[in-house]
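> Mind having a look at this structure? Questions to follow.
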Amino acid sequence: MAAGCALLVLPAHKRPGAMLEMLHRAEAADRYRLALGRAHPDWGNGSLASVAMSLPRAAEPFLNDPDYVDCMLTVFAALKARNDRRAAVMRLRS
């Protein structure tokens, strides 16, 4: 939800790239946390929510807001694509 609210403040054409950037920052923050034993100073503990909370965000609207629904679909599509890629890599390794 925090990621959706962060996307909501952006124009629609910038949202997919911003979502990928949030995922990259979350992964980098997670590597930082694992290596140094503390949260990244800007991006938090490695969760998508901590990255999103570091960005400007709109107040969470109701789920009947079509723009917010589009933002959440962008979040879900990016998470699914990332998980599908990871699963494909795991299949190749086994």
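The values are calculated or read from the model by the stated rules, or taken from the named source; none is laboratory data. Computed from a predicted structure; not experimentally measured. So basically every Cβ, Gly included, is an ideal-geometry build from the backbone, and we count neighbours across all protein chains shown. Just so you know, the surface numbers come from the protein's heavy atoms only, side chains and all, with ligands and any DNA or RNA stripped out. Shrake-Rupley method; radii C 1.70, N 1.55, O 1.52, S 1.80 Å.
> Take every Cα pair under 8 Å in the chain that's 6+ residues apart, average their separations, divide by the length, and report that relative contact order as a whole percent. If you can, show how the numbers build up before the last one.
Values: 106 pairs, mean separation 33.6, N = 94.
The normalised contact order for the chain reaches 36 percent.
> Tell me the per residue accessible area of region 1-81 using a 1.4 Å probe; a whole number in Å² is fine.
Per residue, region 1-81 has 59 Å² of solvent-accessible surface.
> Under 17 Å from the 7 Å Cα→Cβ point of Ala77, by amide nitrogen: which residues of region 1-23?
Answer for region 1-23: 3-23.
> What is the Cα centroid distance between region 2-31 and region 52-81, reported in whole angstrom?
Distance between centres, Cα-based: 9 Å.
> Follow-up question, since we're still on this one. When the C-alpha atoms of the chain are aligned to their principal axes, what extent does each axis show, in angstrom, from largest down?
42, 33, 20
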